[in-house]
Amino acid sequence: MPPVYILGIETSCDETSAAVIRDGHFISSNIIASQIDIHRRYGGVVPEVASRQHLEKITFVVERSLKDAGIEFSDLNAVAVTVGPGLIGALLVGVAAAKAYAFALRLPLVPVHHLEAHLYANFLEHPERKPPFVCLIVSGGHTSLVLVKEHLSYELLGSTRDDAAGEAFDKIARQLGLAYPGGPALEALARGGNPEAIPFPRAWLGENELDFSFSGLKTAVINYLQRARQKGDETCLADIAASFQAAVIDVLVEKTMWAARLTGVKQVALAGGVAANTALRSRFQTRAGEEGLNFFYPPIEFCTDNAAMVGCAGYFHYLAGHFASLQQEAYANFPLVSKNK
Ligand code: KG4
Ligand code: ZN
C-alpha cells in the first residue's frame, strides 16, 4: 500500500503552520511560523496583524512543509484545514489557501475543528492509542471535557462558563507584570513559589458538576495582588503565581477524574496549550495512577497550535470521506459535533 499523505494547515490564531502527516500518525514535517514576537509588544494577539502575517507566510510555510517531508505536491492525498473556531480573519487565510491547493491539485478538502485537532495531537506518533477516553482540552480560548467514544465521535461533558484556563493564566500573568504569552512565564515564576502559600478559591460548582469557572479565582488573585502592592510587598509574586496555578490545576484534574468516574472510561488525556504546563501534567499523572486510569498527553511542542494535529484529525475524516466543497467557510464560533454517531 502506498503511504497516505495529508497536508494540514492551521491559521486559527497567531501561528502560521503547515504539516505533512504520513498514514495518519507520523509527522513527515511540521512548520510553524510564530507571530509571538510581533504580538508581544501589544500584550496580546491583534487580529488584523495576525491575518496579515498569515497572508505573508502561508505559501512559504506550505512549500517548506512539502520540502521538509521530501515529497512533491503530487504525492498528497488530501488537504486538511482548521475551519474554526478562532479569529475569523486568521482562519480565512488558511481556508482560502487550503481551497486553492485542493482545487489546483484536484484533492479532497477536509475541514477540521480546532478543538478536535488539539485532541488528535494525542494520536501523533501513537497509532496504538484507542478511544474511549475522556479528554480535557485546555487552551487560550477553551476549557472543555470531552468524552471521545470512538474516532470522530464526541460528547461534550462540560466547559467553562466564563474564562478559559489559558485566558486566566494570561490575564494573571499580565497582572504579575509578565510578558505575553503569560502561561509559560507564569509557570516559570511559580517554580520558585509555594503552591500552598495562599488558599485561593476553587470553583467546584457542586459535586460531579463538569462545568468550569475561573472568573472568581481571577478576581481573588487580582484583589490579593493589589493589597500586596498597597503594602509595598512584592516579595510574594512567586507564591501568588504558584498558589494561582495550584488552584487551576486542582479543579482541572479533579473534574477530569469525576468525568472518568461518571462515564466509566479507563483512560484520560490532555490537550491544548495549557497541557504544556508541566505541573498540570505531573499532577494528572499522579491522580490518574491513584484512580487506576491510563493517562496520555501530547509532547509539549504539539500542545500549542500546530498543523501536525490538523493533519492527524484530517486523516480520520479522510478515511470517513468527510469532504467539503470549495464553498467551505470559516467560523469564528463553531461547536464541536460528532461526524460519526
Ligand atoms: O492551544 P493554544 O496554543 O491556542 C489556543 O487555541 O488558544 O493555547 C494557548 C494558551 C495560552 O493561553 C497560553 O498562555 C497557554 O496556552 N499556555 C500555557 C502554557 N503554555 C501555553 N499555560 C500554562 N502553562 C504553560 N506552560
Ligand atoms: Zn489552539
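Leu280 - would you say it is within 12 Å of ligand 1 (Cβ to nearest atom), open to solvent by less than 10 Å² (accessible area, probe 1.4 Å), touching a strand residue (DSSP E or B) at 6+ places or on another chain (Cβ under 8 Å) and over 18 Å from Leu124 (Cα atoms)?
yes
Quick check on Gly193: is it closer than 17 Å to Val274 by Cα and crowded, with 20+ Cβ neighbours inside 10 Å?
Answer is no for this residue.
So that you can scan it fast, the table gives a plain yes or no per residue for (1) touching a helix residue (DSSP H, G or I) at 6+ places or on another chain (Cβ under 6 Å); (2) open to solvent by less than 40 Å² (accessible area, probe 1.4 Å); (3) within 16 Å of ligand 2 (Cβ to nearest atom); (4) assigned by TED's automatic domain parsing to the domain that holds Leu178:
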{"site": "Thr11", "(1), (2), (3), (4)": "yes, yes, yes, no"}
{"site": "Ser17", "(1), (2), (3), (4)": "no, yes, yes, no"}
{"site": "Phe26", "(1), (2), (3), (4)": "no, no, no, no"}
{"site": "Ile32", "(1), (2), (3), (4)": "no, no, yes, no"}
{"site": "Tyr42", "(1), (2), (3), (4)": "no, no, no, no"}
{"site": "His54", "(1), (2), (3), (4)": "yes, yes, yes, no"}
{"site": "Phe60", "(1), (2), (3), (4)": "no, no, no, no"}
{"site": "Leu76", "(1), (2), (3), (4)": "no, yes, no, no"}
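Scan the range 159-187 for residues that are outside any loop (DSSP other than H, G, I, E, B), within 11 Å of ligand 1 (Cβ to nearest atom) and in contact with a strand residue (DSSP E or B) (Cβ under 7 Å, 6 or more places away or on another chain) and jot them down.
Selection gives Ala165, Gly166.
Here are the criteria: (1) within 15 Å of ligand 1 (Cβ to nearest atom); (2) open to solvent by less than 10 Å² (accessible area, probe 1.4 Å); (3) assigned by TED's automatic domain parsing to the domain that holds Thr256; (4) not small (Gly, Ala, Ser). Tell me which single one Leu152 does not satisfy.
Unmet condition: (1).
Checking the conditions here, which among Phe212, Phe302 is surrounded by 20 or more Cβ atoms within 10 Å (Cβ to Cβ), in contact with a strand residue (DSSP E or B) (Cβ under 7 Å, 6 or more places away or on another chain) and modelled with pLDDT of 95 or more?
Phe212
Here are some residues: Val248, Val265, Val274, Val253. Which one is among the β-branched types (Val, Ile, Thr), within 17 Å of Asp163 (Cβ to Cβ) and either out of contact with any helix residue (DSSP H, G or I) (no Cβ under 9 Å at 6 or more places or on another chain) or away from ligand 2 (no atom under 16 Å from the Cβ) (or both)?
Val248
Of the conditions (1) buried (at least 21 other Cβ atoms within 10 Å of the Cβ); (2) within 16 Å of ligand 1 (Cβ to nearest atom), Tyr331 satisfies every one except a single condition; which number is it?
Failed condition: (1).
Could you list, in sequence order, all residues of the range 137-149 that are within 11 Å of Leu336 (Cβ to Cβ) and within 14 Å of ligand 1 (Cβ to nearest atom)?
Residues satisfying the conditions are Ile137, His142, Ser144.
The values are calculated or read from the model by the stated rules, or taken from the named source; none is laboratory data. Being a predicted model, the structure only gives us computed values, none of them experimental. Cβ coordinates were reconstructed from backbone atoms using ideal geometry, including for glycine residues, and neighbour counts include every protein chain displayed. Keep in mind that these areas ignore ligands, DNA and RNA; they rest on the heavy atoms of the full protein, side chains included. Shrake-Rupley method; radii C 1.70, N 1.55, O 1.52, S 1.80 Å.
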